[in-house]
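Comments concern the structure below.
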Amino acid sequence: MKMRRLIPLLIVGLSLSAAFLAAQEKPSISANLALTPPMGWNSWNKFACNVSEDMIKSMADAVVSSGMKDAGYVYVNIDDCWQVSRDANANIVVDPQRFPHGMKPVGDYIHSLGLKFGVYSDAGSKTCAGRPGGLGHEYQDAIQYAAWGVDYLKYDWCNTTTQDARASYANMRAALDATRRPIVLSICEWGTAKPWLWGQQVGGNLWRTTDDINDRWGVKEKWPNGSCCSYGVMAIIDEQVGLQSYAGPGHWNDPDMLEVGNGKMTDTEYRSHFSLWAILSAPLIAGNDLRDMRPEIHDILTNKEVIAVDQDALGREGERVAKDGDIEVWAKQMKDGSRAVILLNRSSSEQEITATWEELGYPSTLSASVRDLWQHQDLGKLTGKFSAKVASHGVVMVSVKP
Ligand code: GLA
């Protein structure tokens, strides 16, 4: 080839390679989000469509005054029903009765308390409550969210007909990143298209693994209209088995928001629910009325030793390491080499449960310090195993540290 023809080709080739390398090296604006599982509050589980500026602001106040903020809860997230229509320019319209000053002042107020602001939308034409969805308006909505100061978007999956989940969420992540505001993307696709297989690649920071949680202990049940299914806490944890390797810093399995304090489970069951979410490295998004918490509920949601298990910097998700009927042992490897351990009793009577060191990945001859994370008590040094009596539907949660 003549030199005259080769030089332009070389120049094009070099610029393409430089552009490719630059694209590879350029850190995404959302690269460092949710390095530990997100913690916050969301309106849906308690209030459903009954959201308003006053309620959200008073809840943000309560995050601070209750000590939840000090315990690590930071996001205040408005779920479905804040939106009513689109205007002539297709801009999303906020419910003028419920949010009379629009969304920006709500976000500003939340930020003024040192907290972060989240909203909800849907990848389809309508949200699950029938409000306008984001389909076809992803970039327009993302610009709007960024202008309001949104830090977290929960993106649902109702009314998506034949849409491809992976492509739809990738599109929304691209739209959010194009605003240059770092926004956590919560994929709420209920596990239908196995988002644990692709959620991280499309820039999702968390993805729901099941259909909606219900404030009850048990297994899954049909909704009153006959559709499948609402999940109790036990139904949800059964579906987390085998998913643990997909979670890590920046990308988490989401077994749905907390029901702690919503009134239909016992305090023992709420303690188990919270402990299991922590060992699963799940997002801890409270869903109760924080303005009106009994001390027992407050003490569950703000147990710093259990929260530290959830927020461990290694970002390993815990797993079920033993099951014998209604008796289970769950364990999570922590950054310092210790293990967080749950003895879970699903049965209707008290049971003695044992976790062996082999189940935790330790040699049986190892001596380790055991500490009860609910009693806040050191239980001394033990070799080979730890046993405890566990109440019906209860847990004993300990750390085992060589
Ligand atoms: C779906 C989601 C819920 C909630 C509702 C709102 O069911 O899974 O978490 O956001 O929609 O309509």
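The values are calculated or read from the model by the stated rules, or taken from the named source; none is laboratory data. Predicted model, so just to flag it, every value in this text is computed and none were measured. Counting neighbours? That spans all protein chains shown, and the Cβs are built from the backbone with ideal geometry, glycine included. In case anyone asks, the SASA skips ligands and DNA or RNA and just uses the protein heavy atoms, side chains included. Shrake-Rupley method; radii C 1.70, N 1.55, O 1.52, S 1.80 Å.
On the basis of the beta-carbon distance and an R0 of 22 Å, S369 and D299 show a calculated FRET efficiency of 0.40.
For L379, the residues whose modelled amide H falls within less than 5 Å of its own, excluding neighbours fewer than 5 places apart on the same chain, are V370, R371, D372.
Please grab the % of Cα pairs in the stretch 51-100 that end up more than 17 Å from each other.
Summing the P(r) tail past 17 Å for the stretch 51-100 gives 47 percent.
Dividing the convex hull volume of the alpha carbon atoms of the stretch 218-271 by its residue count gives 118 Å³ per residue. Here the gap between H101 and S125, fully extended at 0.36 nm per residue and compared with their Cα-Cα distance, gives a gain of 6.1 nm. Modelled spin-label separation between E221 and H376, with each label point placed 7 Å from Cα along the Cα-to-Cβ direction: 3.6 nm.
Secondary structure note: in the chain, about 65% of the DSSP beta bridges are antiparallel. Excluding same-chain neighbours fewer than eight residues apart, the lysines reachable from K381 by a Cα-Cα span under 17 Å are K401.
Taking amide hydrogens as placed 1.01 Å from N in the peptide plane, the amide H of S281 sits under 5 Å from those of G318, each at least 5 positions away in sequence or on another chain.
Taking Cα centre as origin and charging only the Cβ of basic (Lys, Arg, +1) and acidic (Asp, Glu, -1) residues, the dipole magnitude of the stretch 118-230 rounds to 80 debye. Length gained on full extension, T162 to T354: 64.3 nm, using 0.36 nm per residue less the C-alpha separation.
Solvent exposure of the stretch 28-80 amounts to 34 Å² per residue of accessible area, where only protein heavy atoms count and the probe is 1.4 Å.
With all protein chains in place and a 1.4 Å probe, the accessible surface of the chain carries 52 percent carbon and sulfur. Students often forget the sequence filter, so: which lysines lie under 21 Å Cα-Cα from K323 once same-chain residues fewer than 8 apart are removed? Cross-link targets: K220, K332, K385, K389.
For the stretch 25-147, the equivalent ellipsoid derived from the alpha-carbon gyration tensor has semi-axes of 24, 20, 13 Å in decreasing order.
Where does the charge balance sit around A174 when Lys and Arg score +1, Asp and Glu -1, over other residues with C-beta under 13 Å from its C-beta? My count for the surroundings of A174 gives 0.
If you sort the three axes of the alpha carbon gyration tensor as a ≥ b ≥ c, you get a/c of 1.5 or more for the stretch 111-183 and a/b above b/c, which makes it prolate. What angle do you read, to the nearest 10 degrees and between 0 and 90, between the alpha-carbon axis of helix 138-148 and the longest principal axis of the chain? Rounded to the nearest ten degrees, it is 70. Ligands, DNA and RNA are left out, and with a 1.4 angstrom probe the accessible area of the stretch 318-374 is 42 Å² per residue. The A147 and A313 beta-carbon pair, evaluated with R₀ = 25 Å, returns a calculated FRET efficiency of approximately 0.15. The distance between label points at L113 and D238 comes to 3.8 nm (points 7 Å beyond Cα on the Cα→Cβ vector). Rounded to whole numbers, the Karplus 3J(HN,Hα) couplings from phi for the stretch 264-276 are 9, 10, 7, 4, 4, 5, 5, 5, 5, 3, 5, 4, 5 Hz, using 6.51 cos²θ - 1.76 cosθ + 1.60 with θ = phi - 60°, and x at Gly and Pro.
Compute the Rg/Rh shape ratio of the chain: radius of gyration over Kirkwood radius, all on alpha-carbon atoms. We get a ratio of 1.03 for the chain. Our coupling estimate for the stretch 75-82, obtained by passing each phi through the Karplus curve with A = 6.51, B = -1.76, C = 1.60 and θ = phi - 60°, is 8, 10, 10, 8, 7, 4, 5, 7 Hz, Gly and Pro reported as x. Annotation: extensible slack from T383 through D87 equals 99.8 nm (criterion: 0.36 nm per residue apart, minus Cα-Cα distance). For K154, the lysines whose Cα falls under 16 Å of its own Cα, not counting residues fewer than eight places away in the same chain, are K116, K126.
Only alpha carbons enter this Debye calculation for the stretch 198-343, each as an equal point scatterer, and the log10 of I(q)/I(0) it gives at q = 0.09, 0.14, 0.19 Å⁻¹ is -0.27, -0.67, -1.22. The modelled label-to-label distance for the pair R291/K335, using points 7 Å beyond Cα in the direction of Cβ, is 3.7 nm.
Between V390 and Q351, E352, I353, the built amide H atoms are under 5 Å apart, and every one of these is 5 or more places off in sequence or on another chain.
What is the stretch 265-337 by shape, rounded, prolate or oblate, if you read a ≥ b ≥ c off the alpha carbon gyration tensor as root eigenvalues and call it rounded for a/c under 1.5, prolate for a/b larger than b/c, and oblate otherwise? Taking the square roots of the gyration eigenvalues as a ≥ b ≥ c, the stretch 265-337 is oblate. In the chain, the longest principal axis of the Cα atoms and the axis of helix 53-65 are about 50 degrees apart. The helix-only estimate of mean residue ellipticity at 222 nm for the chain, built from DSSP H runs of length n ≥ 4 each weighted as -39500 (n - 2.57), is -8500 deg cm²/dmol after division by the residue total. Against the chain, whose longest principal axis is taken from its Cα atoms, helix 3-25 shows a tilt of about 40°.
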